[in-house]
Amino acid sequence: QVQLVESGGGLVQAGGSLRLSCAASGRTFSSSAMGWFRQALGKEREFVAAITWNGGSTGYADSVKGRFTISRDNAKNTLYLQMNSLKPEDTAVYYCAGRNNYYFGRQPANYGSWGQGTQVTVSS
């Protein structure tokens with residue numbers, strides 16, 4: 001399975017931006033749909049964004065549409081999440097995830113590989 005290592009989380013003021021990266025290893029990355037999920041304290045892990053194996057299709061949670069952009073570079077085995085216009089309600093641990101399928105899902109159970117999680121904190 002794909003091994004995932006995240007970076008880019010941190011503390012940012014409301015209205016600011018962060019770019020999360022997820023470096024993947026394993027030969028299946030280029031054929032794996034990838035996603036980003038987040039989990040706030042006391043809340044269930046929720047879908048944020050996902051992308052098909054070749055970047056041909058993306059999906060976003062309504063709460064982040066127009067603000068976040070998911071992308072991937074298969075040559076670099078890297079997944080990205082550009083987060084703009086951040087809000088305090090975006091505060092959560094963010095996880096990247098991969099599944100052994102060309103096409104993405106929107107449920108955590110759809111994904112078999114997970115990063116360690118990186119904290120994003122947006123101050124008001």
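The values are calculated or read from the model by the stated rules, or taken from the named source; none is laboratory data. As the structure is a prediction and not an experimental result, all values here were calculated from the model. Note that each Cβ is placed from the backbone with ideal geometry, even for glycine, and that neighbours are counted across all protein chains shown. Just the protein is used for accessible areas: all its heavy atoms, side chains included, with ligands, DNA and RNA removed. Shrake-Rupley method; radii C 1.70, N 1.55, O 1.52, S 1.80 Å.
So what is Rg over Rh here for the chain, counting just Cα atoms and using Kirkwood for Rh?
Rg/Rh: 0.94.
Taking the Cβ of Ser30 as the center, what net charge do the other residues with Cβ under 12 Å away carry, scoring Lys and Arg +1 and Asp and Glu -1?
Value of the local net charge: +2.
Just the accessible area per residue of the chain, please: how many Å² with a 1.4 Å probe?
On a per-residue basis, the chain sits at 50 Å².
Rounded to the nearest 20 Debye, what is the dipole magnitude of the stretch 55-124 about its Cα centre when Lys and Arg each give +1 and Asp and Glu each give -1 at the C-beta?
Using Cβ point charges on Lys, Arg, Asp and Glu, the stretch 55-124 gives about 140 debye.
What does the extension gain come out to for Ser71 and Gln13, with contour length at 0.36 nm per residue minus their alpha carbon separation?
Separation in residues times 0.36 nm, less the Cα-Cα distance, equals 18.5 nm.
Heavy atoms only, 1.4 Å probe, whole protein assembly: order Trp36, Trp53 by accessible area, highest first.
Trp53, Trp36
Within the stretch 32-57, what residues put their amide N at less than 20 Å from the label point 7 Å along the Cα-to-Cβ vector of Gln82?
Within reach of a label on Gln82, which here means backbone N under 20 Å from a point 7 Å along Cα→Cβ, the stretch 32-57 contributes 34-37, 48-57.
If you take the alpha carbon radius of gyration of the stretch 1-62 and divide it by 2.2 N^0.38 Å, what ratio comes out, to two decimals?
Against the empirical 2.2 N^0.38 Å value, I get 1.27 for the stretch 1-62.
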